[in-house]
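Novice: Supplied in structure tokens, the structure appears directly below.
The values are calculated or read from the model by the stated rules, or taken from the named source; none is laboratory data. Note that the structure is predicted; figures quoted are calculated from it, not measured. Virtual Cβ from ideal backbone geometry, glycine too; neighbours counted across all protein chains shown.
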Amino acid sequence: MKFLLITLITHTDPGTSTQARFREVVDNAVLGEELGFDGYGVGERHERPFISSSPPVVLSHIAARTTRIRLFTAVTTLSLLDPVRAYEDYATLDNLSGGRLELIIGKGNGAAQAKLFHVTADDQWDRNRESYELFRRLWREPKVTWAGRFRPPLEDAETWPRPLQQPIRVWHGSATSQVSVDLAARYGDPLFSANVTNPIEPYAELIRYYRERWQHYGHDPADALVGAGSAGYYAAKTSQEAIDTYRPIFDARIATFRRLGLEPVFTTLEDAIDRSSILVGSPQQIAEKVLRYHAEFGHEIMHLHADGDGLTDKQHRTTLELFQSEIAPVLRREIPSRPLGESS
């Protein structure tokens, strides 16, 4: 199994400046590489409380501070973006990073960002599909002639710079919709399940649907590739120590959700540990839980939250070190995985 750290770059602490918050994000990526994580992902959101509106800029800075770790977007909201401009940004980043880029694409969510970019519920999925289909061609072809619904047509268009990776691997982020799942299966692309907000069942159902559509489109079942998220992480030597440390962090998160008008599915830490993908407990408990999820998903890659979320710097580093020393070796041994950076 492979492991990513992912941040959506929430910014809710009035005592931390925007500059300092970005510095935390970059420093966490450097820490992730130091500790042996396989990838680091930056989300894309265009509304409060997030400041992740420009992933290629943040990832370019991370690329300059690191040498090995794969750089992910989580997700690139192609439904909101001009695919030509997105291609230019990410082809540039691919070169600057030495070919370490992997995209997770999706339509994005949130009413504010849809309003900002004049995207509607009626056209968001069509925009996502059309943008991806053009982006895919731009990455592979030196000249593109194309016409669509949502941007001006192209006639023998050349786009520069040309990317380093030919082609890049693009994952499709999925939370609730079969539309994104079908798009991934159609093009033979990997799927990354959000697996954060709800119990396991709806995510497992979407992954099963992905594998069904994968075969429907004529792909070898053995080639299907799945990743999955987690709703939070904190490991300690004993489960009680982990719960005691993480409880105020979880309670603060619930309070933030409610302040933003969002009612959480899991209102207590015990319920979240029991029914959600949150990973809080001893190393053995966390490894066993990931293996149970793997039995449903068949995933080869998973993410942990990159941010400390209220932990001290020492606690954050210590729990990530514990993951790499006692949890990751078990999961890498039990769950074989293909290398990152391979594309269809």
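Novice: Can you pull out the residues in region 135-170 that are among the hydrophobic types (A, V, I, L, M, F, W, C) and surrounded by 11 or more Cβ atoms within 10 Å (Cβ to Cβ)?
Specialist: The answer is Phe135, Leu138, Trp139, Val144, Trp146, Phe150, Leu154, Ala157, Leu164, Ile168, Val170.
Novice: Given Arg151, Arg140, Arg186, Arg136, which one is more than 27 Å from Glu342 (Cα to Cα), at pLDDT 95 or above and of a type in the set (D, E, K, R)?
Specialist: Arg151
Novice: Condition test on Leu206, is it modelled with pLDDT of 95 or more and either in contact with a strand residue (DSSP E or B) (Cβ under 7 Å, 6 or more places away or on another chain) or of a type in the set (S, T, N, Q) (or both)?
Specialist: Numbers: modelled with pLDDT of 95 or more: yes; either in contact with a strand residue (DSSP E or B) (Cβ under 7 Å, 6 or more places away or on another chain) or of a type in the set (S, T, N, Q) (or both): yes.
Answer is yes for this residue.
Novice: Are there any strands (runs of 3 or more DSSP E) wholly within region 126-236 with 3 or more residues that are touching a residue at least 60 places away in the same chain (Cβ under 8 Å), and if so which?
Specialist: 170-174, 226-228, 233-235
Novice: Let me ask something additional. Is region 325-343 home to any residue that is buried (at least 16 other Cβ atoms within 10 Å of the Cβ), part of a loop (DSSP other than H, G, I, E, B) and polar (S, T, N, Q)?
Specialist: yes
Novice: Can you name the condition, by its number, that Ala194 falls short on among (1) touching a strand residue (DSSP E or B) at 6+ places or on another chain (Cβ under 8 Å); (2) within 26 Å of Arg275 (Cβ to Cβ); (3) of a type in the set (A, V, I, L, M, F, W, C); (4) at pLDDT 95 or above?
Specialist: Just one mismatch for Ala194, condition (4).
Novice: Ok, one more. Which count do you get for residues in region 68-108 that are among the aliphatic types (A, V, I, L, M), touching a residue at least 60 places away in the same chain (Cβ under 8 Å) and not in a strand (DSSP E or B)? Show your work before the answer.
Specialist: From region 68-108, those among the aliphatic types (A, V, I, L, M) are 69, 71, 74-75, 78, 80-81, 84, 86, 91, 93, 96, 101, 103-105; that's our starting set.
Filter once more, so that each one left must be touching a residue at least 60 places away in the same chain (Cβ under 8 Å): 74-75, 84, 91, 101, 103-105.
The next check asks that each one be not in a strand (DSSP E or B); those that pass are 74-75, 84, 91.
Going through region 68-108 one residue at a time, the tally reaches 4.
Novice: Six or more apart or on different chains, Cβ atoms under 7 Å: show the pairs whose first residue is in region 319-344 and at negative phi and whose second is in a loop (DSSP other than H, G, I, E, B) and surrounded by fewer than 17 Cβ atoms within 10 Å (Cβ to Cβ).
Specialist: Correct list of pairs: Gln324/Gly36; Ser343/Pro167; Ser344/Gly188.
Novice: Does region 251-261 contain any residue that is in a loop (DSSP other than H, G, I, E, B), closer than 24 Å to Ala74 by Cβ and not aromatic (Phe, Trp, Tyr)?
Specialist: At the first step, the residues of region 251-261 found to be in a loop (DSSP other than H, G, I, E, B) are 260-261.
Checking the rest, the ones that are also closer than 24 Å to Ala74 by Cβ come to 260-261.
Now narrow it down to the ones that are not aromatic (Phe, Trp, Tyr): 260-261.
Looking for residues that are in a loop (DSSP other than H, G, I, E, B), closer than 24 Å to Ala74 by Cβ and not aromatic (Phe, Trp, Tyr), one finds at least one in region 251-261, hence yes.
Novice: Determine which single condition Ser276 fails, assuming it passes every other condition in (1) surrounded by fewer than 20 Cβ atoms within 10 Å (Cβ to Cβ); (2) touching a Pro at 6+ places or on another chain (Cβ under 7 Å); (3) under 18 Å from Gly229 (Cβ atoms).
Specialist: Failed condition: (1).
Novice: Just to be sure before I move on: is Arg149 touching a strand residue (DSSP E or B) at 6+ places or on another chain (Cβ under 7 Å) and farther than 30 Å from Pro202 by Cα in the structure I sent?
Specialist: Against the criterion (touching a strand residue (DSSP E or B) at 6+ places or on another chain (Cβ under 7 Å) and farther than 30 Å from Pro202 by Cα), Arg149 does not qualify.
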